[in-house]
1. Return the residues of the stretch 127-156 that are out of contact with any helix residue (DSSP H, G or I) (no Cβ under 9 Å at 6 or more places or on another chain) and not in a strand (DSSP E or B); say none if nothing qualifies.
2. In contact with a helix residue (DSSP H, G or I) (Cβ under 9 Å, 6 or more places away or on another chain), assigned to a strand (DSSP E or B) and assigned by TED's automatic domain parsing to the domain that holds SER346, is that true of PRO460?
3. Taking the stretch 290-299, which residues are of a type in the set (A, V, I, L, M, F, W, C) and either farther than 16 Å from ASP145 by Cα or at pLDDT below 80 (or both)?
4. Is it the case that the stretch 375-392 has a residue that's within 23 Å of GLU474 (Cβ to Cβ), among the aliphatic types (A, V, I, L, M) and in a helix (DSSP H, G or I)?
5. Please identify the pairs in which a residue from the stretch 372-396 that is farther than 13 Å from ILE468 by Cα has its Cβ atom under 8 Å from the Cβ atom of a residue that is among the acidic types (Asp, Glu) and modelled with pLDDT under 90, counting only partners at least 6 apart or on another chain.
6. In the stretch 423-446, which residues are crowded, with 19+ Cβ neighbours inside 10 Å and of a type in the set (A, V, I, L, M)?
Amino acid sequence: MTLPAPPAAGRYVDGQWHRLHPATPVLRGGIWLLAVVLWLGANLRERIIGWVFNVREVGSDPLDELGRYHLFGFAALGVLVVVLIAVGLFWLSWRASTFRIDQEAVTVRNGLLLRTTRTAKLDRIQGVTISRPLLARVLGAARVDLEAAGQNANVRLEYLTSAAAEDLRRDVLQLASGSRRRQPDDEGEGGPTTPELAILAEDGPRIVRVTPARAVGAVLLSNTTVLLVLVVAAVIVLNVVLDSGAPIAPAAPIAAVSVFPFIVASVTVSARRIGRNLRYSVVATPDGVRIASGLVSTRTEAVPPGRVHALRIEQPLLWRAAGWWRVSVNRAGHEAGRQNQQVEQSLAPVATLAEVLTLVPHLVPDLADQEALLTAGLEGRGDGEDFTAAPRRARWLRPVAWRRTGFRVAGGSLLSRGGFLRRELVVVPQARMQSVSLGQGLVERALDVASVHPHVVHGPVRTRLRLIDRRRAEQLFEELALAGAAARAADVSHRWAERGGAR
């Protein structure tokens, strides 16, 4: 079957099959295969030459042996055959990788002998991410991840040219928004020349910008760094004890060796976080919130409005003096992972209070012009701004944080605050709630308090409300059950171009 060439304008929404970047096989793993082959050739060259050319004894330099037996021509021919076979396999792999975008879905086909097909419905796409690893940037390629609702439903296109990836993202978001016609480009000849500049130059304010000092400071004041300092201090103390000749001294070398992998891993994680946070910015655009990050390997991501199922704003104790906050969200297609993964996947890894108050309304439109409410949720305590605080008897379960614990239903969202050492505010849009449950453990029953749990998609944000007076918890359960059903029925935020007409 003859496939059409990609359109010059980058508009792939034609229902036809298109191929990926010609360097896709190399970027997917061919470069590592080539490295392994070269390593084997360098270390086993004597045996390879002896086996191929039936040379019994190969000296220290295999090239001299080839010259002595006049085998240079055969060796060059063999290398050429191997190269042609590798190129042919890469070419077949590239020919077998195609994708198609129509008015309903994005479909990707891969494999030559074992054929696989993945499809993402446009109305299930939660976001589009463009990543550029270092080697892909050198070759002018980019990876596109379509994050779709459902278990293991994401679709990945590896790789496209950088310009084609940007164009494809705009097309997919345009279709997912509910619009069937793409608007003309606003950029003229003097527009941005690189994808990174294009994302920062689109219409809308840059609402979050992480400076280099903030990127480094946030990592230095993290739990990983504190734990690393404590471990290093413990090793130093053991070595001092070793020099003193105390009975515990023999354990010092063992402890030093055993913690070395932890030190290397901690430094690696910290360096990766700093590299990701450098050049980190969030821009509000007509298609939603756009994120650009990374210094060596870059990553750009689009979060359409109405796709945030839960939001958490948190402030570790060490960040309080600097006034920094972290914003995380639950989205379909993003599974909950380990703590390090959750930190690295934060929507805003480190932001000021003013940036947070500007960002939240773009993620949860119901909270627009609610700065006083958000500030009370982040820094307040008790029943200020109509928050329902935890009853005094709940102090037996949270002796320090019970005054901070509380909730409020505002507009179409549920807000829950808590934490003393680590402040946090959780926001759950009622339209994103899948169900609600009411629970009460043995100790909670004795204190006459209960928990209400709005269920949303899995992610780093936990949405359970604890330490609520039992009667008020029963009322809240009924209110959320009714309000959630009504909000889901009336919600069109997942097809944002249909709200009030096309953009």
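1. LEU134, VAL138, GLN151, ASN152, ASN154
2. Spelling it out, it is not the case that PRO460 is in contact with a helix residue (DSSP H, G or I) (Cβ under 9 Å, 6 or more places away or on another chain), assigned to a strand (DSSP E or B) and assigned by TED's automatic domain parsing to the domain that holds SER346.
3. Result: LEU295, VAL296.
4. No; the residues of the stretch 375-392 include none that is within 23 Å of GLU474 (Cβ to Cβ), among the aliphatic types (A, V, I, L, M) and in a helix (DSSP H, G or I).
5. Matching pairs, first to second residue: ALA372/GLU385; LEU373/GLU385; ALA376/GLU385; GLY377/GLU385.
6. Once the filter is applied, which keeps residues that are crowded, with 19+ Cβ neighbours inside 10 Å and of a type in the set (A, V, I, L, M), the stretch 423-446 yields LEU425, VAL426, VAL427, VAL428, ALA431, MET433, VAL436.
The values are calculated or read from the model by the stated rules, or taken from the named source; none is laboratory data. All figures in this text were calculated on a predicted structure; none of them were measured in a lab. All Cβ positions, even for glycine, are placed from backbone atoms using ideal geometry, and neighbour counts span all protein chains on display.
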